[in-house]
1. At a probe radius of 1.4 Å, figure out the B/A buried accessible area, summed over both chains, and give it in Å² to the nearest 100.
2. Could you tell me how far the Cα centroid of the stretch B:1-55 sits from the Cα centroid of the stretch B:67-104, in Å?
3. Placing unit charges on C-beta atoms (Lys and Arg positive, Asp and Glu negative, everything else neutral), compute the dipole magnitude of chain A about its Cα centre in debye, rounded to 20.
4. Under the √(5λ) rule applied to the eigenvalues of the Cα gyration tensor, what semi-axes describe the equivalent ellipsoid of the protein assembly as shown? Give them in Å, descending.
5. Could you pull the Rg and Dmax for the stretch A:50-89, using just the Cα atoms, both in Å?
6. Where a ≥ b ≥ c are the square roots of the eigenvalues of the C-alpha gyration tensor, would you call chain B rounded, which needs a/c under 1.5, or, failing that, prolate if a/b is larger than b/c, or oblate?
7. Quick one: with all protein chains in place, what share of the accessible area of the stretch A:48-112 is carbon or sulfur, to the nearest percent (1.4 Å probe)?
8. Average partner chain C-beta neighbours within 10 Å, per residue of B:95-107?
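The values are calculated or read from the model by the stated rules, or taken from the named source; none is laboratory data. Predicted model only: the values in this text are computed from it and were never measured. Because the Cβ atoms are built from the backbone with ideal geometry, glycine has one as well, and the counts that use them run over all protein chains shown. For the accessible areas, the whole protein counts, side chains as well, though only heavy atoms, and no ligand, DNA or RNA atoms are used. Shrake-Rupley method; radii C 1.70, N 1.55, O 1.52, S 1.80 Å.
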There are 2 protein chains.
Amino acid sequence: MVNTSNFPLVLDHIGMAVTDIDVATRMYEKLLLAKIIHDEVVTSQGVMVRFLSFADQKIELLQAINDDSPVAKFIAKRGPGIHHLAFKTSDIYEEMQRLRGKGFQILQDEPIKGAYNKLIFFIHPKSMGGTLVEVCQPLAT
Amino acid sequence: MVNTSNFPLVLDHIGMAVTDIDVATRMYEKLLLAKIIHDEVVTSQGVMVRFLSFADQKIELLQAINDDSPVAKFIAKRGPGIHHLAFKTSDIYEEMQRLRGKGFQILQDEPIKGAYNKLIFFIHPKSMGGTLVEVCQPLAT
């Protein structure tokens with residue numbers, strides 16, 4: 001096994017922009033034998049999200065609940081499909097500082113509350129070769 | 001730890017369409033402390049590919065070497081960014097049959113030789129909600 005603690009970031013989940021969260025769920029159930037582990041509506045982002053678990057990874061399905069949602073705009077521009085990659089850190093404040101220092105453009109001034117009880121921030125796709133990257137840290141419960 | 005052998009597919013790598021493989025490499029070195037583990041030119045697909053390793057995952061960078069390359073067409077249509085997800089199986093022929101039986105549209109009649117000494121096939125994005133999915137099995141060396 002690789003010692004992942006030697007790395008600042010570990011893959012946490014892959015985010016998918018979908019037009020119908022239930023149709024997408026059935027697709028990933030068939031492909032990966034994935035199971036639903038969490039459902040949530042994030043009103044501030046205009047999305048309903050669903051986390052699916054398979055093997056040792058997770059997929060987040062995102063369906064827009066209004067036309068102003070960033071996910072609605074993403075789908076209008078690029079079509080449904082892979083929306084973002086999320087990487088987990090053990091210290092999101094330190095990681096925000098490290099990535100700013102490396103020249104990455106961070107979309108938030110401070111980490112914000114994201115879905116599934118996590119602190120998150122995003123790196124602008126313009127400073128990530130077109131890929132939207134989320135950095136996250138689970139909050140203790 | 002999750003017993004991944006209970007699942008037909010495990011995430012193998014995330015494929016990124018890039019315009020400059022060296023610029024993208026430096027970006028993922030900074031973001032993830034990723035290391036180069038393999039370089040290859042796949043003439044039949046019109047791409048040079050580079051595999052990067054970080055924590056317990058891999059990223060495949062794909063740069064077109066001619067305008068007919070599927071990667072060139074992808075970038076012309078959608079811009080650079082996440083290109084495909086690749087999942088590993090322990091029996092690619094059985095997995096092809098399983099996924100066909102579930103109604104997924106497979107792009108190849110039989111598995112083909114892919115980069116980094118693997119047998120691969122692709123699922124059409126039209127039957128995967130817009131996501132290009134690769135299924136792969138490493139060949140013994």
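1. Details: alone 8460 and 8460 Å², together 13370 Å².
Result for this pair: about 3500 Å² buried.
2. 14
3. In total the dipole reaches around 360 debye.
4. So the three semi-axes of the protein assembly as shown are 27, 23, 19 Å.
5. Here Rg and the maximum Cα pair distance are 11.9, 34 Å.
6. oblate
7. Working: 1400 of 3080 Å².
Carbon-and-sulfur percentage of accessible area, whole number: 45.
8. Mean shielding by partner chains, rounded to a whole number: 1.
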